[in-house]
Amino acid sequence: MVTGTRDRVEPPAVGARRARLTVCGVVQGVGFRPYVHRLASELGLTGFVGNDALAVFIEVHGRPAAVAEFERRLPLEAPPTSLITEIRESPVGARAESSFVIATSNTAAGVRSLVSPDIATCERCVEELCDPGDRRYRHPFITCTDCGPRFTIIRDLPYDRPATTMAQFPMCARCADEYADVGDRRFHAQPIACPDCGPTLSFTAGGVRAEGPDAAMEAAQRALGAGAIVAVKGVGGYHLACRADDDAVLARLRARKARDEKPFALLVRDRTVARRLAAIDSDEERVLTGRARPIVLVPRLAEAPVAESVAPGNPLLGLLLPYAPVHHLLLAPVPGSDVAPPDVLVMTSANISDEPLCFDDRDAADRLPRLADAVLGHDRPIHVPCDDSVVRVVDGAELPIRRSRGYAPLPVPLGRRLPATLAVGAELKNTCCLVDGANAFCSAHIGDMGSTDTTRAFDRAVGQLTTLHRLAPEVIAADAHPGYLTRGWAEQHAGGLDEPALRLVQHHHAHVVSLLAEHGRLGSPVLGVAFDGTGYGDDGTVWGGEFLLLGEDSTRFRRLGHLRTVDLPGGDAAVRNPCRTALAYLAASEVAWDADLPPVAACTNPERAVVQAQLAARRGTVPCSSMGRLFDAVAALIGLRHRIGYEAQAAIDLEICAAAGKAAGAQPGDWAFVLGGDGVLDYRPVIRGLVDELRRGVDRPTLAYRFHAAVAAAVADFARRVCDRAPTPAVGLTGGVFQNVLLLGECTARLRALGLEVLTHRHVPPNDGGLALGQAVIAALGRAPLAAAQSHR
C-alpha cells in the first residue's frame with residue numbers, strides 16, 4: 001500500500017543498480033519521506049520510502065550514477081528539522097518498478113526512531129496565519145511538516161496521527177487531501193488541522209466563556225489590558241500571562257506563585273520589540289529566532305518599558321519570541337476589535353514555585369483558579385509536559401541553563417553502543433536520562449524533587465522515555481547522597497529488575513562525565529573543575545570545589561584537589577542565609593566578627609550566638625568544600641545579599657556586581673588563593689584581603705570583580721601545575737557555578753593563555769539539570785561491579 005506516487009518512468013536499463021538505505025535519527029514528523037520522494041524523482045529513480053518505529057527505509061533503483069548521486073545528496077539536503085545519526089546500506093536484489101512511492105508506516109521491534117522536539121511556528125505558517133485569503137487565517141493550531149508540536153503530543157512510535165493526541169480530531173476532506181498529497185507541505189503532518197476539523201480555542205473568566213479565535217483573543221487581550229492574570233495553554237503546558245509594565249499586577253502574580261524576587265520571562269511580539277528592551281547581538285538574535293525558541297537571557301536596556309519588578313536588581317531580561325500560533329495571535333490585533341494588543345507580556349509557568357508544570361486539563365481545573373483570573377485554553381491534550389528552555393549565549397554558542405522545550409528529547413550521541421541504562425538525576429533541577437544504544441536521551445526539565453506532585457511528574461517522565469524507546473533498563477544510576485529522594489526511587493525500582501542493578505555515582509564525577517559525553521570525548525583525559533553548591537562527597541562531607549582527574553577510563557577519577565573546607569553552620573539554614581555562611585568563613589580565616597562587617601551587622605544577636613556555639617563545638621555543622629557557598633559568603637561579606645529567596649540568588653548578585661566592576665575598569669587585587677602541595681586551595685588570604693580592602697573603602701563592584709579574578713587565577717594555576725607533571729589534558733569547566741558567565745570567561749581566557757583546551761557546556765546545563773547524563777554514562781560504561789558502593793574506587 002502506498003500513500004503517494006509520481007508519474008510513470010521508464011524501467012531502468014540493463015546494468016541498473018538498486019540500493020537499500022536505512023536512515024536513523026530524527027527522521028519522522030519532519031518531512032523526510034516527501035524530501036526523499038522529491039530527490040528520487042528528480043534523479044529519475046524508482047523504488048520506495050517508508051518508515052517504522054526504528055528508522056526510515058529507502059530502496060532506490062536506476063542508473064548507477066543516479067543512485068550514487070542520491071546517496072551523496074541524501075544527508076546534505078535533508079530537511080532542516082531532521083537529524084541524521086546513521087545511514088546504513090545493505091544489498092538488495094534488482095526489481096523493476098515504474099515509479100517511486102511512499103509506503104505506509106510499519107511497526108518494528110528494537111531500538112526506536114528518534115523523536116523530534118517541538119518546533120516553533122515556521123515563517124510560511126505565520127504568513128498563512130496572517131493572510132485573510134488563506135483558509136487557515138487566524139487558526140490557532142496551524143502547523144506543517146516544518147513546525148509545530150511533536151514531542152508533547154506523541155504517545156507512541158511510529159509517529160503517525162493515531163499515536164498522537166490529535167487522534168481525537170478526525171481530518172476534514174480538505175485536510176485529508178493535503179495530508180495524503182506527497183507534493184503538499186502538510187504531507188503526513190500529524191498535527192494537521194483547520195478551523196473545520198481542528199481543536200478549538202476558548203476564553204473563560206468568571207463563568208463566562210467565549211469560543212473561537214477572535215472572540216477568545218479579544219476577551220483575553222481586554223482582560224490583560226485591565227490587569228488580569230490570564231492562564232494560557234500552550235504547547236507543553238500552561239503559562240501565566242500579565243502586563244509587564246504594572247508593578248501592582250506583578251506583585252499579585254508574585255504573591256500567587258509564592259515567587260518573591262526570581263525574574264520572570266517576557267514574551268515579545270518580534271525582534272523589533274525585543275531590541276527596545278535589550279541589547280541583543282547577532283548571536284543572541286540567532287538563538288532567539290531559532291526553531292527551538294528558548295528564553296534567552298540578554299542585557300536589559302536602561303530605558304526598557306517594563307517594570308523593574310519583572311527582574312528586580314537584575315541587568316538581564318529573559319526574552320522569548322512567539323513559538324506557537326496562539327502566541328502570535330495573542331500579540332496581534334483582532335480584526336474589528338478596539339482593543340490594542342500587547343507587544344510584550346510576562347510569561348511564566350502556571351504553578352506555585354517548586355511545583356511541577358501544570359499541563360493536564362483536569363489538574364488545571366483544580367490549580368488554576370488559585371493562580372489566574374481567567375483561562376485562554378484549548379482542547380488539544382498535552383501528553384508530555386515541557387517547560388520553556390533557558391539559555392545564555394557565550395562566545396557565540398549556547399550555554400544551556402534549562403534544557404527542555406525545543407531541545408528535548410534530541411539525543412546526545414555517545415560514539416559507542418552501551419547497555420540500556422536509566423539515570424534518575426539530581427534532587428534540584430531534576431531531569432532523568434535513558435541510554436539507548438549509542439544515544440543518551442535526557443528528559444525535559446522536571447523540577448525540584450520534594451513533593452508528591454513532583455514525584456508523580458518524575459514517574460511520568462521515566463515512563464514516557466521508556467515507552468517511546470520500548471526499553472527496560474538493565475541498570476539504574478543514582479546520586480550517592482543517602483538522603484536524595486531520587487536515590488530512594490532508584491533503590492526501590494532497581495530491586496524489581498532481573499538482577500540487582502543499582503549503581504551509585506559521585507555527584508561531581510557525574511558533572512565531569514556529562515561534559516565529556518556531550519563533547520563526544522568519553523575516554524579522553526580531562527582535568528574536571530567541578531564547582532557547585534552542594535554535592536555528596538565520598539568522605540561524607542559536602543563537596544563543591546573539586547579538581548578531578550579522569551583518564552582513559554571515564555568511570556574512575558582521582559580527586560587531585562579541592563577548596564579548603566569550612567564548617568557550614570546549620571546546613572540548609574546557612575544556604576538560605578548567606579550572612580551565616582560568611583560568619584563561618586570569617587571564623588575560619590581568623591577574622592573577628594566586628595560590627596563594621598556587613599554579615600555581622602545583618603545577623604541578629606541570637607543568630608550570631610547560635611552560629612558561634614555551633615562553630616565552637618562543631619555541632620550542627622557540616623564540613624564543606626563548596627565553591628558555591630564561598631560565592632554566597634563573599635556576596636554577604638561585601639554587603640550584597642544576606643538572605644535569599646531562590647537558589648543562587650546571592651551568587652547571581654555577586655556576578656552582576658563583578659560585571660559592573662569589570663566594565664568600570666577594575667583590575668585584579670593583590671590577594672590570591674594559596675595552593676598547597678596537597679592540592680588544597682586555601683581561601684583564607686582572599687577573605688582577609690577582601691576584609692582589608694572593604695575597610696579601606698574599596699567599592700563593592702571592584703571587590704566583586706577581584707574575587708572572580710582570584711578564583712579564575714587559582715583555576716589556571718591548578719591546571720598549570722597538573723599539566724606540568726603529566727601530558728596536557730583538556731580542562732573541563734562544569735557545575736552550577738559555571739553558569740556564571742563572567743567567571744566562565746575569566747577561567748577560559750586564562751586557561752587558553754596557557755595553551756590548554758577548554759571544554760564548556762553547550763548541549764546540557766552545567767548545573768544539576770545535566771547531571772543525569774553523566775550518571776547514565778558512568779553506569780553504562782562500568783556495569784560491573786553493580787552495588788551500593790563508591791563509583792570509582
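The values are calculated or read from the model by the stated rules, or taken from the named source; none is laboratory data. All values reported here derive from a predicted model rather than from experimental measurement. FYI the Cβ positions are ideal-geometry reconstructions off the backbone, even for glycines, and counts take in every protein chain you see. Keep in mind that these areas ignore ligands, DNA and RNA; they rest on the heavy atoms of the full protein, side chains included. Shrake-Rupley method; radii C 1.70, N 1.55, O 1.52, S 1.80 Å.
Based on the alpha carbon coordinates of the stretch 289-403, what radius of gyration and maximum Cα-Cα distance (Dmax) apply, in Å?
16.2, 46
What Kirkwood radius, in Å to one decimal, follows from the Cα pairs of the stretch 633-674?
11.4 Å
Evaluate the stretch 472-613: find the radius of gyration of its Cα atoms, find its Kirkwood radius, and give the ratio Rg to Rh.
1.10
Compute the label zone of A94 within the stretch 49-72: residues whose backbone N is under 12 Å from the point 7 Å along Cα-to-Cβ.
Answer for this model: 62-64.
How large is the convex hull of the Cα atoms of the stretch 167-211 per residue, expressed in Å³ as a whole number?
Looking at the stretch 167-211, the number lands at 79 Å³ per residue.
Starting from the 7 Å offset along Cα-to-Cβ, what nm value, one decimal, do you get for the label separation of E123 and D181?
2.3 nm
Would you rank D479, D146, D52, D678 by solvent-accessible area, highest first, keeping every protein chain in place and using a 1.4 Å probe?
Largest accessible area first, the list is D678, D146, D52, D479.
Averaged per residue, what accessible area in Å² does the chain show with a 1.4 Å probe, protein chains only?
37 Å²
Using a 1.4 Å probe on the protein chains only, how many percent of the accessible area of the stretch 168-318 belongs to carbon and sulfur?
Exposed carbon and sulfur together represent 51 percent of the surface.
So how strong a dipole does the chain carry about its Cα centre when Lys and Arg Cβ are +1 and Asp and Glu Cβ are -1, to the nearest 20 debye?
820 debye
Going by average Cβ neighbours within 10 Å, how do the peptides 621-634, 554-567, 683-696 rank, with the highest at the top?
Peptide ranking by packing, descending: 621-634, 554-567, 683-696.
For the stretch 616-752, how big is Rg over Rh, using alpha carbon atoms and the Kirkwood form of Rh?
Looking at the stretch 616-752, the ratio lands at 0.97.
Of W543, W671, which has the most accessible area with a 1.4 Å probe, and how do the rest follow in descending order?
In descending accessible area the options line up as W671, W543.
Equivalent-ellipsoid semi-axes (√(5λ), Cα gyration tensor) for the stretch 588-648, whole Å, largest first?
So the equivalent ellipsoid measures 18, 16, 12 Å along its semi-axes.
When only alpha-carbon atoms are used, what values of Rg and Dmax, in angstrom, describe the stretch 368-413?
Cα only, the stretch 368-413: 15.6, 45 Å (Rg, Dmax).
Residues with amide H under 5 Å of L317's amide H, sequence separation 5 or more or different chain, H placed in the peptide plane at 1.01 Å from N; which?
Amide H neighbours of L317, under 5 Å, 5+ apart: V298, R300.
Quote the relative contact order of the chain in percent (integer), defining contacts as alpha-carbon pairs under 8 Å separated by 6+ residues.
Once divided by the residue count of the chain, the mean separation gives 11 percent.
Give me the accessible area of S443, 1.4 Å probe, in Å² rounded to the nearest 10.
10 Å²
Given an 8 Å cut-off on Cα distances and at least 6 residues of separation, report the relative contact order of the stretch 407-539 as a percent.
It rounds to 23 percent for the stretch 407-539.
For the peptides 715-726, 25-36, what is the packing order when you average, over each peptide's residues, the other Cβ atoms within 10 Å and list the highest mean first?
Per-residue Cβ counts within 10 Å, averaged per peptide and sorted highest first, yield 25-36, 715-726.
Can you work out the Karplus-derived ³J(HN,Hα) for every residue in the stretch 168-173? Use 6.51 cos²θ - 1.76 cosθ + 1.60 with θ = phi - 60°, whole Hz, and x for glycine or proline.
Karplus-based 3J(HN,Hα) across the stretch 168-173 equals 7, 10, x, 6, 6, 4 Hz.
With viscosity set to 0.692 mPa s and temperature to 37 °C, compute the Stokes-Einstein D of the stretch 397-530, Rh being the Kirkwood radius across alpha carbon pairs; µm²/s, no decimals.
It diffuses with D of about 214 µm²/s by this estimate.
Name the residue farthest towards the positive end of the dipole of the chain from the options G227, A278, P91, assuming +1 on Cβ of Lys and Arg, -1 on Cβ of Asp and Glu, about the Cα centre.
P91
Each label point is 7 Å from the Cα along the Cα-to-Cβ direction; what then is the distance between the points at D379 and R762, in nm?
Once both label points are built, they end up 4.7 nm from each other.
Picking from A616, A660, F673, whose Cα lies most toward the positive end of the charge dipole for the stretch 556-693 (charges on Cβ: Lys, Arg +1; Asp, Glu -1)?
A616
Taking amide H atoms as placed 1.01 Å from N in the peptide plane, list the residues 5 or more away in sequence, or in a different chain, whose amide H sits under 5 Å from that of D436.
F441
If you wrap the chain's Cα atoms in a convex hull and average its projection over all directions, what's the area in nm²?
So the Cα hull casts an average projection of 35.8 nm².
Multiply the residue gap between D539 and Q612 by 0.36 nm, knock off their C-alpha separation, and tell me the result in nm, one decimal place.
Here the answer is 23.8 nm.
Subtract the Cα-Cα distance of R209 and E261 from 0.36 nm times their separation in residues, and report this length gain in nm to one decimal.
15.4 nm
State, as an integer percentage, the relative contact order of the stretch 656-793 based on alpha-carbon contacts under 8 Å between residues 6 or more apart.
Relative contact order, the stretch 656-793: 22 percent.
Calculate, in nm to one decimal, what R286 and T85 gain on full extension: separation in residues at 0.36 nm each, minus their alpha carbon distance.
Full extension from R286 to T85 adds 69.9 nm.
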